[in-house]
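Since every read-out is calculated from the coordinates, none of them should be taken as a lab result. All of these numbers come straight from a predicted model, not from anything done at the bench. All Cβ positions, glycine included, derive from the backbone under ideal geometry; neighbour counts span all protein chains shown.
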Amino acid sequence: MKIAVIDLGTNQFHLLIAELTPEKKFNILAKEDRFVRLGEGAINESFIIPAAVERAVTAMQDFKKIIDQYNCQKVGAVATSAVRNAKNGQAFIQRIAETTGIQVEIIDGDREAELIYEGIRNAISIPETSLIVDIGGGSVEFIICNSAEMFWKSSVEIGAQRLFYRFHTIDPIPAENVVALNQYLARVLQPLSKAVAIYKPQVIIGASGSFSTLYKLYAAMNQIHYQPDQSEYYLPIEEYYHVHKQLLLKNRIERGEMPGMKPERKDLIVTASCIVHFVVRLFNIQKIRVVNASLREGLLVWLAANHC
């Protein structure tokens, strides 16, 4: 059985194709990513602009060709923050269905967090109480858990794209804007603060392209060879602080020239890192694990368990 899953994220679309073996294991056949920037321009106005719609349609048409090449028997696709909050979200997924035949399900934040958790615990062991943080363009998912269970979860509409338009209005980002951003996070993340006080996680598991970028920047600064096929990476706290400081000081061009930086990441990485910095500092986190699994892997696990 060949399964294709698609995560229609706010900044990036992800395709994963896997074959489910008789032993209920997955053989990964293909992974594809497209920077669609669905939240460009009007995410805080709850609207997907026409140019973003066209980029999304093109990406989904590309994905459909790949899915057909692998002759997948099952296709699952989910849309998250940018689409679920958009006034034209339903029209958008109807356009996708008409042009590709792919039916996209719009999921809420709780479901998104559940799928992220399933994807991560299927990929790595979580022996100690940990805080999963998945930073998207539209929302951020926080999950306190171990391998056995989720203790608490929340999806908050404070994604890097939303914060970019609200706080990163001057480049490099001014110190007073960082202060305002931190004050904003302190207000909206009060429920997270209460949950952390109860469950006391000491480890962050970072599960997004933003965390991967932070690790790649650290690796490049320290001449560490990046191996993309690893299931996870360790990002030392003090080294992360150094990376964060560099991101705050540099402008868009300078960030784009940093070894390890994908051009598509140079804008939103600053506000994404501000979220990481806020959480690490406030909750006295001792360890950052960066994992190569998230929502699409969770959707794959769920489809295999419930439809195969």
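Scanning the chain for GluC sites (Glu not before Pro) in DSSP loops with at most 12 neighbouring Cβ atoms within 10 Å leaves 150-256 as the longest stretch between them. Backbone amide hydrogens, once placed in the peptide plane, bring Met261 within less than 5 Å of nothing, excluding anything fewer than 5 places away on its chain.
Note that the range 213-224 has calculated 3J(HN,Hα) couplings of 5, 4, 5, 4, 5, 4, 4, 5, 5, 10, 6, 9 Hz, one per residue in order, obtained from phi through the Karplus relation 6.51 cos²θ - 1.76 cosθ + 1.60 (θ = phi - 60°); glycine and proline are x.
Database remark: amide H of Val36 closer than 5 angstrom to the amide H of Gln12, Phe13 (H placed geometrically; neighbours at sequence offset of 5 or more, or on other chains; Pro and chain starts carry no H).
Within the chain, the longest run free of exposed loop sites, counting trypsin sites (Lys or Arg not before Pro) that sit outside DSSP helix and strand states (H, G, I, E, B) and have at most 10 other Cβ atoms within 10 Å, spans 26-308. Pairwise Cα distances in the chain exceed 26 Å for 44 percent of all pairs. Largest GNM mean-square fluctuation across Thr100, Thr21, Thr213, computed for the chain with C-alpha springs under 10 Å, falls on Thr21. For the pair Ile237 and Thr21, label points projected 7 Å from Cα toward Cβ lie 3.9 nm apart.
Beta bridges assigned by DSSP with both partners in the range 126-291 are antiparallel in approximately 65 percent of cases.
Hey, what's the Cα Rg ratio for the range 69-150 versus the globular rule of thumb, 2.2 N^0.38 Å?
Normalised Cα radius of gyration, the range 69-150: 1.32.
Backbone phi angles across the range 128-145, fed through the Karplus curve with coefficients 6.51, -1.76 and 1.60 (θ = phi - 60°), yield HN-Hα couplings of 10, 4, 10, 10, 6, 10, 10, 9, x, x, x, 9, 10, 9, 10, 9, 9, 6 Hz in residue order; Gly and Pro are listed as x. 3J(HN,Hα) along the range 84-89: 5, 9, 7, 4, 9, x Hz, from the Karplus curve 6.51 cos²θ - 1.76 cosθ + 1.60 with θ = phi - 60°, whole Hz, x for Gly and Pro. Give the cross-link partners of Lys65 among the lysines, using a straight C-alpha distance below 24 Å as the criterion and excluding same-chain residues fewer than 8 apart. Counting by Cα, and skipping residues close in sequence, Lys65 has these lysines nearby: Lys2, Lys31, Lys74. Once you treat every alpha carbon in the range 126-291 as an equal point and sum by Debye, what is log10 I(q)/I(0) at q = 0.11, 0.12, 0.14, 0.17 Å⁻¹? For the range 126-291, the Cα-only Debye profile gives -0.41, -0.50, -0.68, -1.02. In this structure the amide hydrogen of Ile49, modeled in the peptide plane, comes within under 5 Å of the amide hydrogens of Ala42, none closer than 5 places in sequence on its chain. Partners of Lys153 within straight-line reach, counting lysines whose Cα lies under 27 Å from its Cα and excluding those fewer than 8 residues away in the same chain: Lys87, Lys194, Lys200, Lys287.
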